[in-house]
1. So which residues in the stretch 204-227 are over 29 Å from Glu24 (Cβ atoms) and more than 21 Å from the chain's Cα centre (by Cα)?
2. Might you check whether a residue that is β-branched (Val, Ile, Thr), away from ligand 2 (no atom under 16 Å from the Cβ) and either free of Cβ contacts under 8 Å to residues at least 40 places away in the same chain or not in a loop (DSSP other than H, G, I, E, B) (or both) occurs anywhere in the stretch 104-115?
3. Please go through the stretch 156-177 and pick out each residue that is assigned to a loop (DSSP other than H, G, I, E, B) and within 10 Å of ligand 2 (Cβ to nearest atom).
4. For the stretch 80-94, does any single residue satisfy the condition of being surrounded by 14 or more Cβ atoms within 10 Å (Cβ to Cβ) and within 21 Å of Phe201 (Cα to Cα)?
5. Just the residues that are touching a Ser or Thr at 6+ places or on another chain (Cβ under 9 Å), within 15 Å of Ile171 (Cα to Cα) and among the small types (Gly, Ala, Ser), please, taken from the stretch 24-77.
6. Which condition number in (1) of a type in the set (Phe, Trp, Tyr); (2) more than 18 Å from Pro220 (Cβ to Cβ); (3) within 14 Å of ligand 1 (Cβ to nearest atom) is the one that Phe306 fails?
7. Are any of the residues in the stretch 132-146 touching an Asp or Glu at 6+ places or on another chain (Cβ under 8 Å) and within 16 Å of ligand 1 (Cβ to nearest atom)?
8. Where residues in the stretch 255-294 are more than 8 Å from ligand 1 (Cβ to nearest atom) and among the small types (Gly, Ala, Ser), which of them is surrounded by the fewest Cβ atoms within 10 Å (Cβ to Cβ)?
Amino acid sequence: MKNRLKTSFILTFIFCTFLSCNTEKLAIKSDFVIGTICTIKIPKSKKADKILNLCFEELKRLESILSANSNISELAKVNNKASTKPIKLSDELFELISLSKKISEQTDGAFNPAIGRIVKLWNIGFENERVPKKDEIEKFLPFTKTENLLLNSQKEIFLQNGNVQIDLGAIAKGYACDKIYSLLKDQGVKSAVIDFGGNIFVLGKKFFTKQNWNVGVRNPNGKVNDVLITLELADTSVVTSGIYERFFFEGGIRYHHILDPKTGYPAQNDLASVSVICKNSTYADALATAFSVLGYKKSLEVLKRFSEQKIQVVFIFKDGNVKLSKK
Ligand code: AMP
Ligand code: MG
């Protein structure tokens, strides 16, 4: 099961290319964690290996809290037990579920953390992926309302029904990126690349220079190394969601992993990929998924609600057109 996922995530791992990196002077660590290949690059120093090890310990800790694909994570415990009695949450899980509910409201439900039951029906990216029967989707869709996730001031959660299941797959990598960014900053790192599949954070300026990073956005309609546009960025995150990332064919039809919570089926609109540029990677991740559901026109309306986050978006259309939102 893990191997299957590994292969599909390698595709997004290469989505960003970092030009002109002097790799001999870098300390680099990669591992498969939080459901993707994670790579962190920082300048070599006496402390560099220790710092990288700390980062990967932190990622494993976060995975043990947030993973929807593990039977023993804190989230799995919530999904299994919180419909019978309220469960006390860790600070991280409480923070991320609360924020997810808020972003769900702000995106008119396009990003939906309560979509877990429908995600599991499809199981896209896993061995038993399949097109669910229409009546299965109709049966479980009512349980995806975020009102079913009840949080209280004691940081407890109660799920209104045993069929309510939380999936944080569309936001957790961004959250992990933010945590690692803070950890690196606390350790005094001035320049770094954090690359978690389609979730990128470039910390500071390009290694050993005062220049911006060149971050390439992959052509979703092309081959893996086909860079469509290059963005000049510093100290920010770029998160991409695309319908090319994970999919399968059945009866000649392609089914991808970004689901429209209104229908329970893969989102259908004019977009092939969405890259959200934002200093806050948690927002960038959730919004890249939400915009992939909403399509171009509705995304522009919803984007206005996030002026505080100072977001820019690269929309790549199925017909190959590219549009950048205004800054
Ligand atoms: P991303 O790659 O960040 O767009 O997240 C996609 C993953 O999030 C999927 O593999 C599902 O686990 C989950 N997901 C799919 N559709 C949605 C949605 N509309 N809202 C929230 N999570 C979703
Ligand atoms: Mg996302």
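1. Pass one, the stretch 204-227, residues over 29 Å from Glu24 (Cβ atoms): 219-222.
Result: Gly222, single match.
2. First, pick out the residues of the stretch 104-115 that are β-branched (Val, Ile, Thr): 107, 115.
So of that shortlist, the ones also away from ligand 2 (no atom under 16 Å from the Cβ) come out as none.
So far as the stretch 104-115 goes, no, none of its residues is β-branched (Val, Ile, Thr), away from ligand 2 (no atom under 16 Å from the Cβ) and either free of Cβ contacts under 8 Å to residues at least 40 places away in the same chain or not in a loop (DSSP other than H, G, I, E, B) (or both).
3. Residues of the stretch 156-177 assigned to a loop (DSSP other than H, G, I, E, B): 160-164, 166-171.
Of everything in the stretch 156-177, those that are assigned to a loop (DSSP other than H, G, I, E, B) and within 10 Å of ligand 2 (Cβ to nearest atom) turn out to be Leu168, Gly169, Ala170, Ile171.
4. Yes, the conditions are met somewhere in the stretch 80-94.
5. Answer for the stretch 24-77, where residues must be touching a Ser or Thr at 6+ places or on another chain (Cβ under 9 Å), within 15 Å of Ile171 (Cα to Cα) and among the small types (Gly, Ala, Ser): Gly35, Ser67.
6. Exception for Phe306: condition (3).
7. First, pick out the residues of the stretch 132-146 that are touching an Asp or Glu at 6+ places or on another chain (Cβ under 8 Å): 146.
Still in the list and also within 16 Å of ligand 1 (Cβ to nearest atom): 146.
Yes, there is a match, as at least one residue in the stretch 132-146 is touching an Asp or Glu at 6+ places or on another chain (Cβ under 8 Å) and within 16 Å of ligand 1 (Cβ to nearest atom).
8. Going through the stretch 255-294, the residues more than 8 Å from ligand 1 (Cβ to nearest atom) turn out to be 255-256, 262-266, 268-284, 287, 291, 294.
With the extra rule that they be among the small types (Gly, Ala, Ser), the set shrinks to 264, 272-273, 275, 281, 284.
On the way: Gly264: 22, Ala272: 20, Ser273: 28, Ser275: 30, Ser281: 28, Ala284: 31.
In this case the residue turns out to be Ala272.
The values are calculated or read from the model by the stated rules, or taken from the named source; none is laboratory data. This one's a predicted model, so the numbers in the text were calculated from it and none came from an experiment. With ideal geometry, Cβ positions are generated from the backbone for all residues, glycine too; neighbour counts draw on all protein chains shown.
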